[in-house]
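The values are calculated or read from the model by the stated rules, or taken from the named source; none is laboratory data. Bear in mind that the values here come from a model prediction, so they are computed numbers and not experimental data. Methodologically, a virtual Cβ is constructed for each residue, glycine included, from the backbone with ideal geometry; neighbour enumeration extends over all protein chains shown.
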């Protein structure tokens, strides 16, 4: 579970004031302020509401501190590694595609020059 949350960053990225965020989440502004200042840990209910209302796919991206006992951070980091591997595979595919495009362009240019020479 997240013990400290970068709520200010979440709020600022969405262009909201503390009051607007509190109203949207149906929580007191003072509670939002306590979480932002680190004086209070966000409740599980608050985290779920925040995630749902602001459409945050993975709240751990904004975690400043977590419980080491829940293993959620390890799971999150494993998912990031998987995503990085996927990105690397896609980048490799793009590199191979770019190389193939260059090869084809060279072949087209060669054929074009052959056609021009044969037409003379």
The lone exception for residue 65 - which of (1) in a helix (DSSP H, G or I); (2) within 24 Å of the chain's Cα centre (by Cα); (3) at pLDDT below 90; (4) loosely packed, with under 15 Cβ neighbours inside 10 Å it fails: (1)
field: Subset tally (residues that are part of a loop (DSSP other than H, G, I, E, B) and surrounded by fewer than 14 Cβ atoms within 10 Å (Cβ to Cβ)) for the range 9-38
entry: 5
query: Do we have any residue at all in the range 85-108 that's in contact with a strand residue (DSSP E or B) (Cβ under 7 Å, 6 or more places away or on another chain) and under 30 Å from residue 60 (Cα atoms)?
result: no
